[in-house]
Structures are given as C-alpha cells and as structure tokens.
Amino acid sequence: MSSARSIGSFTVWDYVVFAAMLLISAVIGIYYAFAGGGQQTSKDFLMGGRSMSAVPVALSLTASFMSAVTVLGTPSEVYRFGAMFTVFAFTYALVVLVSAEIFLPVFYRLGITSTYEYLELRFNKVVRLLGTILFIIQTVLYTGIVIYAPALALNQVTGFDLWGAVVATGIVCTFYCTLGGLKAVVWTDVFQVGIMVAGFSSVIIRAVVVQGGIGPILNDSYYGGRLNFWDFNPNPLQRHSFWTIIIGGTFTWTGIYGVNQSQVQRYIACKTRFHAKMSLFVNLLGLWAILACAVLCGLALFSIYKDCDPWTAKLVSAPDQLMPYLVLDILQDYPGLPGLFVACAYSGTLSTVSSSINALAAVTVEDLIKPYFKSLNEKKLSWISKGMSLLYGVVCIAMAALASLMGALLQAALSIFGMVGGPLLGLFSLGILFPFANSIGAIVGLLAGFIISLWVGIGAQLYPPLPERSLPLNLSTAGCIINDTSNWTSSTPNPVTTSMQNENNGRTALADNWYSLSYLYFSTIGTLFAVAIGVIVSLLTGGAKQNVNRDCLISKQDFSCNIFTWSKDDKMEKIEVLKWNPYPVTDHGTDNPAFNHVEMDFKEKKGKANGVHI
C-alpha cells in the first residue's frame, strides 16, 4: 500500500447510500413541519416548545460540534502533526464542566430564547445589539467553511462540480431547517451522528484489515513520530503543545459551548434543567468517541502512506483531501462504503449548518425584530422565523466562496471562532461572574478584546507561522511508484519547498512573534482582554455602586452539588436524593406549561416532607 496506485471511483451503490442519507434528513424535516400540529409559534420553531430530553439533545450537540471540518481536518491534522490532538479529550471535559456549571444555570433560569437577551437583562440594549452583530458575523463566516469542506471531499472522490456540491449542501440544510425548526434539527442530528460513526468505523476496520491488525498501525505511527501525545513546552508560539491545547482549547471551545447560540439554544430547550445538564455530560461521551475515531483514522492514514505521501506527490491538492483519497483507495472493492464515508462528511455539514441557520434565525427574530416590532403575533413571528432560516441558508451558501480562499480548514475554522468567540466569551463572563461590571465596562471590554484578537488573527493569516512553530512531521515519497496521476495532478507546490520559501520572505519581528502565536490562543487573548479591560473600566465608572438582578449572576445554588437536596436529619430528603430530583431551586422564566407541574409537585412535596412517603 505504500506506492501510489490507481484508486476507485464512485459507483451506483455509493450514490444510492449518499442519496438515502439526504432523503432521510429531508423526510425528518417534513415530518416535524406537520407533527403535533406543526410549528404554530416562534417558540415551537426555535425552541422545540422547550420539551426536549437529554439524550437526543446530547447527540445533536455532538453532531453539530463535530462537523465535516472534523471528519476531513482532524485525520489530516494527525497525519501531518501527530496524535497530540488527542489531548483535546481533556479540553472537552473542562469545557463541558464549565458550560454546565457556570453558563447553563443562568441561561436556563432566565428562560431566554437568544443568549443575547441575557446581555440586555444584565447590561442594556446596546450591549445586546453588539453581541448579536458579532455572533451573526462569526456564524456566517464559520458556516461558509463548513459548507465548503464536504464539497472538497465530493469534488475529490467523484469529480462532482465543487460549487454544485456547495449549493446542494446549502439547499438540503435550508430545506429541513426551514420546514421543521429546532426539532427537525435535533432529530436529523441524531440520525447523522450515527452516519458519522459508521463512516469512520468503515475506514478504521478496513485499514486494520489492510495493514494486518492495529499493531502495525501503532508501530508505524510510533516510529514515524506520530504518537507524540505529551509535549509540555510552555512556549505560546508553538502551534500545539499540552498547554496550548488545554488552555487555549478550553477558552476556544467554551466560547462555543458556553455562550454560542448554536449550542446553547439546544440545551436550554430541554424540559428541565437536569435534562439540560445531562445533555452536556452525555454529549461529552460522544465527543470522545468521535475524537477517537478521527485520531485512529489519522494514524491509519500515516501507516498506509508512510512511504508515499499523496500530498507531497501531488496526488491530492490539499491535506484536507487525504481522507477521501484513502477511502477510494482501500474501499474501492466495496461498493457503497465510499458513499457511506462521503455521507459521513456530509452529515457533519448538514448538522452544523442547520444548527447555525436555526440559531441565526432565533437571534434575528429575538434580538432584531421582536424588540422593535411589538405588534407582531406568534403566528407572524413563526413565519418570519422560517423566512429568516431561508434567508440565512442563501447567505451561508454565498459565504462558502470566502472559505475557498482560506488555508487548512480545521485551523481556519478555529481561528474564526477564536477571533470572535473569545471577546464574546469575555463579555458573558463579565456579566455572570462580576457583579460590579456595568454596561460601559462591557462595551469597552468587548471592543478591546475584539480588536486585539482581530489584530493577531488577521496577522497570522497574512504571515503564517514558520515550520519551527508548527512542527510538521516528516512525509516521505521514497516508495512512490506513480502509475496514473492524470486526475490528481495539481499546481500546489511541494510543502517542503513552500516552507523554504516562507523562511526567505523577509519577515518582521512582529510576524515571527506576535503573529506566530498559536491559533488556539486567539480566543484566550480576546477573552482575557475583554474581562480585564471591562473590570477596570467598570470600577472606574461606578460599577460597584449599581444594583444587579441576582438572577443574572452565578450563585452557589447553581452547581451540581445542589441539584440534589440533602439533609442529615430528614429521611424524606434522602429519598429525594436517590430519586435524582432536579429542582431544589426554582427555575425562573420557564414558559413551557408541559413541565410546570414538575416544579409544583416538588414544592408540594417539600411542604409535606415530614413523615410523608413518596
């Protein structure tokens, strides 16, 4: 397998598998457009009636988080830089813990639809408007990348027109999202996460068979330097190390899980706060499973092509096309399986883009329309929500053109989230953690964090870090025997040649230091600057003298240790602990009558606690 050879192509069965995935996704959207009387109100459309349970929401969070950027980008990352990416498993755990214990309780208690409603409740309308605009910019840019990624895969493995694939992705996402709202998004995600695992598994199983077991894959990876899990170099200029992944990664992903509308909208749509928290912790298991699959695919990719790198040999034109190339190489004798993998990449895109479209519609309706057009009834708002979904679907397709101009997809995606998500995370952290933070401090802090992260982020795009910062591992073409590369030739220069050219480009000290900061620290810098400047300005402008609604702040009652009531002197309370009762503290702002009785029943039981058996 080390030498280049002719690879397969799509067969009828591959198209059948791929089309079946699209069809099922569309049918789910149609079903939820009419089930239970359809989407009668904007709350039904945007929040699923606040009646979702933990497991489907958890799978939905996993599916939208692990997009086609993960399916294509992470194996390529491991292939080129090694398995240090596995350290993100610790980062995911920290992110889920912080999101569940700090941000979720406040958002859920307030019963909001858009996370940016919180900014008006805590600060004022100007802060809310600034946060909304930044979110829309961030999400549209990121969604463009997510649409473009699987189009690359389709173009690589089938020859299907690149922009035809981009338009097809956007149309399918927009179709079922516009019809079925949040419930359609969640349940298509549940289906699609299964497709993602199946696609990864087919590649891993076949690679293990081809290489004669998992042992040779790990052995090749070890001697090829790919099992480099632990690098404790504290230098913030190094692209990936234990510290950049743990510290920078935690800030980056918390900006997504903790305050980003696309994720928050799902778990605050759960029917109880307990279900909301459980959805995050169950989702962590899904994140670990997908990460393990992606890393194993990357190691298998190296083991198979250790002597003939398809990228250096110009058999593919970009690192993100390595996985589709591998799939058509090792699965060409199994009709339908290449289609399953492309469906896997496409599923990641559908789930992420549909979540983004639904979140964009929610933010636009709640933050830009409802506050200024108070005469609109729920029926009209429902139709406006659907219209916004359709509009943003078209906008995201157009933004995919920008993604085609960016570099490696994984890093580009995380860079965008870092540059915009970091300052937003700092803004929400100011509101929730600092009672003395005021609106002036919030605005100045947000703008300061955004400017600093934008400065370093754009600089990094213009002056990519040198190889000694990114530490790419050796790739060999010594074993290549190229038979027919007519379909795979590219004008992309040899990576080694490109690196040498970069070294001779007369870079400034600013480029070699400030712009060479690890892309994972973009979010960290934005967050810390926003918080630090916000705190200072708030104190200087009388923030310590203001009165703040305590519901907008984190309290000791919000942590998991307080989910269960415990009293040494009360056997009744012990019984409630064992029954996992999720309501020791009343959650305010909930507007779903379907579960109001849960809170009422709990209050009645608390009032009759002495000597009463449940």
Residue within the range 306-325 that is assigned to a helix (DSSP H, G or I) and of a type in the set (Val, Ile, Thr) present: no
Residue 70 being in contact with a Leu (Cβ under 9 Å, 6 or more places away or on another chain), surrounded by fewer than 24 Cβ atoms within 10 Å (Cβ to Cβ), of a type in the set (Ser, Thr, Tyr) and in the same structural domain as residue 259 (by TED's automatic domain parsing): no
Residues that are at pLDDT below 90 and closer than 30 Å to residue 9 by Cα: does the range 298-306 have at least one? yes
Within the range 95-184, which helices (runs of 4 or more DSSP H) (wholly inside it) include 3 or more residues that are surrounded by 22 or more Cβ atoms within 10 Å (Cβ to Cβ) and modelled with pLDDT under 85? 125-158
Tell me, yes or no, whether the range 248-263 has at least one residue that is farther than 30 Å from residue 185 by Cβ and in a helix (DSSP H, G or I). no
Just one of the numbered conditions (1) surrounded by fewer than 19 Cβ atoms within 10 Å (Cβ to Cβ); (2) modelled with pLDDT of 80 or more is not true of residue 238; which one? (1)
Where residues in the range 509-550 are in a helix (DSSP H, G or I) and of a type in the set (Ser, Thr, Tyr), which of them is nearest to residue 446 (Cα to Cα)? 527
Based on what the data block shows, is residue 47 at pLDDT 65 or above and crowded, with 23+ Cβ neighbours inside 10 Å? no
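The values are calculated or read from the model by the stated rules, or taken from the named source; none is laboratory data. Note that the structure is a prediction, hence the values are computed from the model and not measured. When we count neighbours, we look across all protein chains shown, and the Cβ atoms used for this are built from the backbone with ideal geometry, even at glycine.
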